[in-house]
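Here the structure is laid out as structure tokens; the discussion comes afterwards.
The values are calculated or read from the model by the stated rules, or taken from the named source; none is laboratory data. Model, not experiment: these values are computed from the prediction. Note that we place each Cβ from the backbone using ideal geometry, even for glycine, and neighbour counts take in every protein chain shown. What goes into the accessible areas is simple: the full protein's heavy atoms, side chains included, and nothing from ligands, DNA or RNA. Shrake-Rupley method; radii C 1.70, N 1.55, O 1.52, S 1.80 Å.
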Amino acid sequence: MKEGRKGMERSVDDRYTQWKSLVPVLYDWLANHNLVWPSLSCRWGPQLEQATYKNRQRLYLSEQTDGSVPNTLVIANCEVVKPRVAAAEHISQFNEEARSPFVKKFKTIIHPGEVNRIRELPQNSKIVATHTDSPDVLIWDVEAQPNRHAVLGAADSHPDLILTGHQDNAEFALAMCPTEPYVLSGGKDKSVVLWSIQDHVSALAAEPGSAKSTASGGANSKNASKSGGNGDKPLESPSIGARGKYLGHEDTVEDVQFCPSSAQEFCSVGDDSCLILWDARSGSTPAVKVEKAHNADIHCVDWNPHDVNLILTGSADNSIHMFDRRKLTSDGVGSPIHKFEGHSAAVLCVQWSPDKSSVFGSSAEDGILNIWDHEKIGEKQDYGELKIPNYPPGLFFRHAGHRDKVVDFHWNASDPWTIVSVSDDGESTGGGGTLQIWRMIDLIYRPEEEVLAELDKFKSHIFGCDKSC
């Protein structure tokens, strides 16, 4: 067994060494940031500033500690270098053990329990929701929350709002609605639960002399986050109950997602291998239940923001399935329109690209983040005499910069084709994690005619230089 483990470590190291040698060729920009503690989630926050060569943006991370210091929700400032600015030789010269100068911690929130999942509210990305090992969803106004020093014995920060409704721990399944201030969650109680943050605003408005609401970005952080004087007990965070509870799964719900065009429609996946579509307008039972959507637990789901008929699922069976909601099943079981098979371990995260409707990413326990384009399926690739490995249909880029399971990633909506990804390196290096912010070189994803025209111009320029020299 030990010998097998050593062999696996060698192959990961070999793959990583080969990847690092290709960084100047494959990437327009890459920043590598070593994490002392692993982060199970990473999300982009609001863009703060645009400059000539780089943009500044908030980044949300977590620190999952061993108990010697508190677990934290981290708000960082990130400098995102613009396309075609970074020199090729610079982006490959990083130290794996060092922190990146492009990522700086801005604020620390002491989180009650480890942070399993972070999701930002699309209407106001300063408001984030977190999942921990409890039945509750915690809502934070990250700008209003005070900065805390994470030392052993420090009291937890107080959430600006607590969403109650689960009967058992809800650890991972979490989504925010793109059109309304709605929050969706799934848990071990096999249920999907829906809340509206607006219900908290309504409750506050009904109380005379009440504080401004969390959802409007004006949370009263003094009341929510500090204890009273003279040894009074800390004030408790406000809480609201659910708008709806939806039952149809027969095991833990692992992920949930809203329909991009409707706050009343959403989907969920779970350890029962089912994909369920829900419509809140027609009651609390499934609108459509897809049995055997995979051959194992389903870990993740995403709904295409450009084409609402397409839904992706990722599973412990190492595959990604793409479903068309107009024809989800055949003979009573899941009938995906395509199966993407390019991982050698369980798929942990799938997400559609905001930049092109047919492109999506998938990350897995094999340490790889794959970028796919379903429109490339069936295209014949003519490489002439070049010997190119036989890649799975639709796969056009493999990010192999992580050496352990890639637990989360997020496309940047403000900087096209820019991704933040994070790995939990506990098994490969004995602790910590790696955060990477990267953008593949544009010659890879731009239209072929455009790229060839540019290379032709470049060729003419080189030959012109030769003649003049």
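Which one is most open to solvent (accessible area, probe 1.4 Å), of the residues in segment 113-131 that are of a type in the set (G, A, S) and either under 23 Å from Q57 (Cα atoms) or not in a loop (DSSP other than H, G, I, E, B) (or both)?
By that ranking, first place goes to S125.
Out of all the residues in segment 312-344, which are touching a Lys or Arg at 6+ places or on another chain (Cβ under 6 Å) and of a type in the set (A, V, I, L, M, F, W, C)?
The answer is V333, and nothing else.
Determine which single condition C42 fails, assuming it passes every other condition in (1) of a type outside the set (S, T, N, Q); (2) surrounded by fewer than 18 Cβ atoms within 10 Å (Cβ to Cβ); (3) modelled with pLDDT of 95 or more.
Only one criterion is unmet by C42, namely (2).
Can you spot a residue in segment 97-104 that is assigned to a strand (DSSP E or B) and over 30 Å from S21 (Cα atoms)? Working first, answer last.
Just the residues of segment 97-104 that are assigned to a strand (DSSP E or B), to begin with: 103-104.
Next cut, over 30 Å from S21 (Cα atoms) only: none.
Scanning segment 97-104 turns up no residue that is assigned to a strand (DSSP E or B) and over 30 Å from S21 (Cα atoms).
Cβ-Cβ below 9 Å, separation at least six or inter-chain, first residue in segment 60-78 and free of Cβ contacts under 8 Å to residues at least 40 places away in the same chain and closer than 17 Å to D424 by Cβ, second part of a strand (DSSP E or B) and among the acidic types (D, E): which pairs?
Every condition considered, the pairs that remain are V74/E63.
Do you know which residues across segment 289-325 are assigned to a strand (DSSP E or B) and either among the polar types (S, T, N, Q) or loosely packed, with under 14 Cβ neighbours inside 10 Å (or both)?
T313, S315
Checking the conditions here, which among I110, I91 is hydrophobic (A, V, I, L, M, F, W, C), surrounded by 15 or more Cβ atoms within 10 Å (Cβ to Cβ) and modelled with pLDDT of 95 or more?
Being hydrophobic (A, V, I, L, M, F, W, C), surrounded by 15 or more Cβ atoms within 10 Å (Cβ to Cβ) and modelled with pLDDT of 95 or more holds for just one of I110, I91, which is I110.
Please work out which residue is surrounded by the fewest Cβ atoms within 10 Å (Cβ to Cβ), limiting yourself to segment 269-288 and to residues that are among the charged types (D, E, K, R) and farther than 24 Å from A364 by Cα.
So, considering only residues that are among the charged types (D, E, K, R) and farther than 24 Å from A364 by Cα, the one surrounded by the fewest Cβ atoms within 10 Å (Cβ to Cβ) is R281.
Here are R43, R119, R99: which of them is basic (K, R) and over 25 Å from D28 (Cβ atoms)?
R119
Is it fair to say S134 is touching a residue at least 40 places away in the same chain (Cβ under 8 Å), surrounded by fewer than 24 Cβ atoms within 10 Å (Cβ to Cβ), among the hydroxyl-bearing types (S, T, Y) and in a loop (DSSP other than H, G, I, E, B)?
Judged against the criteria, S134 is not a match.
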